[in-house]
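The values are calculated or read from the model by the stated rules, or taken from the named source; none is laboratory data. Nothing here was measured: the structure is a model prediction, and the numbers come from that model. Note that we place each Cβ from the backbone using ideal geometry, even for glycine, and neighbour counts take in every protein chain shown. For accessibility, only protein heavy atoms count, side chains too; no ligands or nucleic acids. Shrake-Rupley method; radii C 1.70, N 1.55, O 1.52, S 1.80 Å.
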Amino acid sequence: MTATATAPRRARSPRSGIRRGEAAAGWIFTLPVIIILGVFLLIPVLMALWVSVSDWSGRGSPFSSAVGFVGIENYAAVTTGDGLATRDFGTAMRNNAWYVLLVVPLQTALSLFLAVLVNGAVLRGRGLFRTAFYFPSVTATVAIMVLWLFLFNAIGPVNAILAAIGIDGPNWWADPSGILHNALAAVGITDGPAVLTQNDFLGVSWWNWLAGPSVAMSAIILMGIFTTSGTFMLLFLAALQNIGPEIQEAAMVDGANAWQRFWRVTLPQLKPALFTVLTLGLIGCWQVFDQIYTGTQGAPGKTTLTPAYLSYDAGFLDQHWGQGAAIAFILFAIIVLFTIFQRWVLRERPVSRRRARQYQLPTRPATATPATVAADQAPSPPDPAETRGRS
Amino acid sequence: MTRHTTRGLLGAGALLITGALALTSCGSGFDDGGGGGGGDAGSGELTSSDDALTVLIGTSGDAETTAVEDAVAAWSEEAGVEATVQVANDLPQQLSQGFAAGDPPDLFYLATEALAGYAGNGSLVAYGDQLENKDDFYPSLVENFTFEDEFYCAPKDFSTLALVINKGLWDAAGLTDADIPTTWEQLATVAQTLTKDGVVGLGFGPEYQRVGAFMAQAGGGLVEDGEAIASSQENVDALTYVQGNMTAGTFAYSSDVGAGWGGEAFGKQLTAMTIEGNWITGAMTNDFPDVQYVVAELPEGPAGKGTLQYTNCWGMAADSPNQQAALDLVQYLTSTEQQLAFSEAFGVMPSIESAAEQWTSDNPDLAAFLAGADYAQGIPTYDGTADVITDFNAQLEGLKTGDPQEILDSVQSNLEAIVG
């Protein structure tokens, strides 16, 4: 018995027969990409990783003998400690966290809404709308930021429109106050409880973590939503067009209205697209740089400072390359963690039993005893099939 | 399973080998530069070779570019050394790249706040003491470019802050030359007189680089004799004075009136007076030629006159193979004659005292700027100063509703971390 068991069919050598040499060819064909990715991606990343744990000062090679290993000193400088470096990092994290918290859901919702809109067969001039909605995504962020600086100027068009409807618009680019704090101040709360103001995380008090995005950051948040929703609309649109009409028709036959069809039928089928959009959104939102670099450079009051810009600032402007690289890797870790978390939330789950029961006709399991059947079916009227069987 | 592992190892090996090859080819480039320069910076002797020079500048416009190009070309012909001028679009970034790659420009514009970072990591040659015209530079400028007791580089020119007054609005408000303020009280009074019809009396940028002038007039500042003095009573008085006038609506930040900087607010006649440096003359000529203005010295505070000064120097790379020639070029560019030519071309003030008289007689309307040189404060040159000032600026934006003492206390603790 054992002899037959240890004679597997795949004992044939892979190096023989018609498929011999395929491996070598495979390697040759993939080699260019491996080299390009290695030289331009993997090695720079490894170099940056080394810089983040070294005391390289920005002069000459980071691999020269004069550069020493300092362990996690650079990471510690921006995460522990009570100096400016930690506080700046904390402030940048606070700003970016609010940015992510607001931009990711809003841009996803907006792009889905736009996609459903331009997917509709009844809409006239669909092509025009698709182009119009996608247009902001094609335009360079820098160009849009310049436009935004103009639109949201203290005496710019946005405030002019607000003034026309009787609202005294804020001085967008110069207002460092957080919008949540402002909302609280409107109802008379200007100071947080001691437990929030006395304790801090990354050098920023909890009360300030909860300040919300500043007025200036809100303008940038609007811009983030404006520029990216077009791209994501395209992803949703592709997914929507992949959904065959027969399922919709089936749902219609079952009597589902448009609202139910969207939530119960369309949306579940968009899950892969949703996953892509959320992942790309999360990654993009944690890497906000262009707008800050060309527009505000952290002003007003450091409320538009982001970790990506801080990393650039620490390296190129302050010559603290180790800290800059450390910030970049912390950012990397955050993005990875968020992506994993999001994957976990959106994982394929078996339909819960309670939910499944809603869709199932009551059936009698083969192994059921009369007692359990009776218990299950007690409240419901007798099944016609069953009654027929009995008779 | 084993087969997959072998393949994986093979793949990783291939990658590592490629990587190692790539690194060695880059590495040799790094080492050439780094090794050669390191020794020179330490010994204090300048390198000499036949290599051509590269000059990297961050320019304010075509006028400056042309002036520098012409001057360098003239020197190049005279000295017989090839030299080219490159215009940077992002000077700090391009400099950093040059240093990291071991191939920096030989000479470059260097801002005061960048000095400590580059000097600290050995990127710069401290050639200041070898300049023939060393004693001609204003002492306060020399101090600006002195890091750890070494005079690093020659100040190329400088600017100070002064009070710029809109002539039209001034006359319309019934004010005369006799009303030009010389004290804080008078400044507050005229600002109040000028504040009307949507125009704010005095507007300036929301930053230490403007508000700091009041601190100087009150007798304060950021660092004195190697001690952080940010939280001193003088500074608190200065900020309280500014805050009081802001609350009264007679002073305002340029951002509060919707302008990018003090000069823009002034040019658009949103403010009747501003505190700016002599670069404002170019902006007025180009963008607001119809606005007439006069320039006066900033009024005295409790401790007398005070203003801030801004300057750049000609930084020299420690990795430059031809520092002798570079030094010669710097001397040429900072000579009396050449500095006056630059001044005429793009409105800066010469960094040397021997050119002062000529400059004043050439620019009688701007004399107040040069007068400031005698009592101007520079920006401290400790490593990390730029961050502290950025943080200070962030807090100054909220000065109107903030607590001056609290703001200055945090600046003090930030400064103490880098001074000493």
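Brief remarks follow.
- Between helix B:385-396 and chain B: long-axis angle, C-alpha atoms, 0 to 90°, nearest 10: 40
- Computed from the C-alpha gyration tensor, the three semi-axes of the ellipsoid equivalent to segment A:240-291 are 33, 10, 8 Å, from longest to shortest.
- Ranking A:GLY120, A:ALA308, B:LEU333 by how far each Cα lies toward the positive end of the dipole of the protein assembly as shown (charges on Cβ) leaves A:GLY120 at the top.
- Isotropic mean projected area of the C-alpha convex hull, segment A:291-336 (nm²): 3.3
- Relative frequency of Cα-Cα separations exceeding 18 Å in segment A:108-149, percent: 39
- The DSSP beta bridges internal to segment B:41-192 are antiparallel in roughly 20% of cases.
- Linear extension gain, A:THR276 paired with A:ALA333, 0.36 nm per residue minus alpha-carbon span: 18.6 nm
- Where labels lie 7 Å past Cα in the beta-carbon direction, separation of A:ARG347 and B:ASP50 in nm: 7.1
- Surface per residue (accessible, 1.4 Å probe) for the protein assembly as shown, Å²: 50
- Rg/Rh for the protein assembly as shown, where both radii come from Cα atoms and Rh is the Kirkwood radius: 1.07
- Modelled FRET efficiency - R0 22 Å, B:ASP135 with B:ASP374, Cβ distances, 0.05 increments: 0.85
- Cα-centre dipole for chain B with unit charges at Cβ (Lys and Arg positive, Asp and Glu negative), debye to 20: 1580
- Segment A:190-266, Rg to Rh (Cα coordinates; Rh as Kirkwood inverse mean 1/r): 1.32
- The label point for B:THR401 and the one for B:GLU150, both projected 7 Å from the Cα toward the Cβ, are 4.8 nm apart.
- For segment B:158-282, convex hull volume per residue from C-alpha positions, Å³: 115
- Beta bridges from DSSP with both residues in the protein assembly as shown: antiparallel share about 65 percent, rounded to the nearest 5.
- Contact order for chain B, expressed relative to its length and based on alpha carbon pairs under 8 Å spaced 6+ residues apart, stands at 26 percent.
- Reported value for chain B: 186 Å³ per residue, from the convex hull of its C-alpha atoms.
- Here r is the Cβ-Cβ distance between B:THR360 and B:GLN93 and R0 is 35 Å; the resulting FRET efficiency, rounded to 0.05, is 0.40.
- FRET efficiency for B:VAL294 and B:GLN86, using Cβ-Cβ distance with R0 set to 30 Å, rounded to 0.05: 0.20
- Angstrom value of the Kirkwood radius, inverse mean 1/r, which spans all Cα pairs in segment A:15-122: 19.6
- Segment B:74-127: radius of gyration over Cα atoms, expressed as a fraction of 2.2 N^0.38 Å: 1.27
- Rh (Kirkwood; distinct C-alpha pairs) - chain A, Å: 26.5
- Cα-centred dipole magnitude for the protein assembly as shown, charges only on beta-carbon of K, R (+1) and D, E (-1), debye, nearest 20: 8880
- Per residue convex hull volume, Cα atoms of segment A:268-309, in Å³: 69
- Where the Cα pairs of segment A:194-335 fall when distances are cut into 10 Å bins, in %: 10, 26, 27, 18, 13, 6, 1
- Across segment A:74-227, C-alpha contacts under 8 Å between residues 6 or more apart give a mean separation that, scaled by the residue count, equals a relative contact order of 31 percent.
- Globularity index of segment B:333-382 is 1.18 (Cα radius of gyration / 2.2 N^0.38 Å, N = number of residues).
- Solvent-accessible area lost on pairing B with A (1.4 Å probe, both sides summed) amounts to about 3100 Å².
- Percentage, to the nearest whole number, of Cα pairs in segment B:179-224 over 17 Å apart: 46
- Percent of Cα pairs exceeding the 23 Å cut-off, where the set is segment B:212-330: 50
- Between A:VAL187 and A:SER65, full extension at 0.36 nm per residue minus the direct alpha carbon distance yields a gain of 37.8 nm.
- Label-point separation in nm, A:PHE201 to A:THR80, each point 7 Å along Cα→Cβ: 1.9
- Computed from the Kirkwood radius of its Cα pairs, the Stokes-Einstein diffusion coefficient for segment A:39-79 at 20 °C and 1.002 mPa s stands at 199 µm²/s.
- Value of Rg/Rh across segment A:103-225 [Cα atoms, Kirkwood radius]: 1.08
- Largest-first principal axis extents of the Cα set of segment B:85-197 (Å): 61, 33, 24
- Translational D in µm²/s for segment B:286-371 (Stokes-Einstein at 4 °C, 1.567 mPa s, Kirkwood Rh from C-alpha pairs): 83
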